[in-house]
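Following: one structure in structure tokens, then a few remarks.
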Ligand SMILES: [Zn+2]
């Protein structure tokens, strides 16, 4: 089966509502390829290695969380950016990219998908009054010790997480935001949860976690953002009977 690119773009605009967000990149169709999609390949980042893998898989379109044209970057299509876009255009492959809308979607989003993978139940948003600040708060369906949570992260994400210990001996409540949202630890502390989980960690976050007494888990930017885009790919594959595969280009960060 195949489906028109136009239908997919319209469907994702309705599903993910990009106009609700003030984002750092355009969300939606970033590079236009073939008018029909038979095979869709999803991935975290539209890197050269990812595009080469999509070409090898005969993709008609790719969908990613990290696309191109970020605020503040050079707008010229030169160097690495030229090589990536050239490969897409020469192979007539469309690039669909969704950033914040793909973090935040209550069912298919990165935060929702990571929560269900780790057995966390979402009880509210982290910033209920700010649509452009994504992140969620919730509770562990089965509360556990920090050491047990480390083991769970290691097993489910297949990557060694980093832990800065806090006060709670048993973790009942947690807030989380995938990717590079470590700075939301301050908000997590304000709302009084036992732990905060994100992808990345910086020097100052260690001090904040220690002094605030909140557990901090850095589970990997890439590792925490593999799930939203896969869920959206599966949603499209089921709805339109097209082929879908997720291509994981390993990233240690
Ligand atoms: Zn990210």
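The values are calculated or read from the model by the stated rules, or taken from the named source; none is laboratory data. In this text the structure is predicted, and so the values were computed from the model without any measurement. Note that each Cβ is placed from the backbone with ideal geometry, even for glycine, and that neighbours are counted across all protein chains shown.
Kindly indicate which of 201, 214, 174 is more than 13 Å from residue 114 (Cα to Cα), away from the ligand (no atom under 16 Å from the Cβ) and in the same structural domain as residue 146 (by TED's automatic domain parsing). Spell out the reasoning first.
Details: 201 fails: away from the ligand (no atom under 16 Å from the Cβ); 174 fails: more than 13 Å from residue 114 (Cα to Cα).
Going through 201, 214, 174 in turn, just one is more than 13 Å from residue 114 (Cα to Cα), away from the ligand (no atom under 16 Å from the Cβ) and in the same structural domain as residue 146 (by TED's automatic domain parsing): 214.
Pick from 87, 46, 59, 54: which is closer than 20 Å to residue 245 by Cα, surrounded by fewer than 19 Cβ atoms within 10 Å (Cβ to Cβ) and either in contact (Cβ under 8 Å) with a residue 24 or more places away in the chain or within 16 Å of the ligand (Cβ to nearest atom) (or both)? Let's see the steps before the verdict.
Values: 46 fails: surrounded by fewer than 19 Cβ atoms within 10 Å (Cβ to Cβ); 59 fails: surrounded by fewer than 19 Cβ atoms within 10 Å (Cβ to Cβ); 54 fails: surrounded by fewer than 19 Cβ atoms within 10 Å (Cβ to Cβ).
That would be 87, the only listed residue that is closer than 20 Å to residue 245 by Cα, surrounded by fewer than 19 Cβ atoms within 10 Å (Cβ to Cβ) and either in contact (Cβ under 8 Å) with a residue 24 or more places away in the chain or within 16 Å of the ligand (Cβ to nearest atom) (or both).
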Residue match in segment 39-47 (condition: in a helix (DSSP H, G or I) and out of contact with any helix residue (DSSP H, G or I) (no Cβ under 6 Å at 6 or more places or on another chain))
no
With the structure loaded, tell me whether residue 195 is under 22 Å from residue 162 (Cα atoms), out of contact with any helix residue (DSSP H, G or I) (no Cβ under 8 Å at 6 or more places or on another chain), buried (at least 17 other Cβ atoms within 10 Å of the Cβ) and not assigned by TED's automatic domain parsing to the domain that holds residue 97 or whether it fails that test.
no
Return the residue satisfying two criteria in turn: it lies in segment 203-219 and is in a loop (DSSP other than H, G, I, E, B) and touching a strand residue (DSSP E or B) at 6+ places or on another chain (Cβ under 9 Å), and of such residues it is farthest from residue 126 (Cα to Cα).
219
Among the residues of segment 177-198, which ones are more than 16 Å from the ligand (Cβ to nearest atom) and not in a helix (DSSP H, G or I)?
191, 192, 193, 194, 195, 196
Just one of the numbered conditions (1) crowded, with 20+ Cβ neighbours inside 10 Å; (2) within 23 Å of the chain's Cα centre (by Cα); (3) in a loop (DSSP other than H, G, I, E, B) is not true of residue 166; which one?
(2)
Which condition number does residue 135 fail, the rest of (1) crowded, with 18+ Cβ neighbours inside 10 Å; (2) within 16 Å of the ligand (Cβ to nearest atom); (3) under 13 Å from residue 218 (Cβ atoms) being met?
(3)
Residue check: is residue 234 closer than 18 Å to residue 113 by Cβ, free of Cβ contacts under 8 Å to residues at least 12 places away in the same chain and either away from the ligand (no atom under 16 Å from the Cβ) or in the same structural domain as residue 115 (by TED's automatic domain parsing) (or both)?
yes
Cross-chain or 6+ apart pairs with Cβ under 8 Å, segment 179-192 first and closer than 10 Å to residue 205 by Cβ, then within 16 Å of the ligand (Cβ to nearest atom) and not in a helix (DSSP H, G or I):
182/198; 182/199; 182/200; 182/201; 182/202; 182/218; 185/198
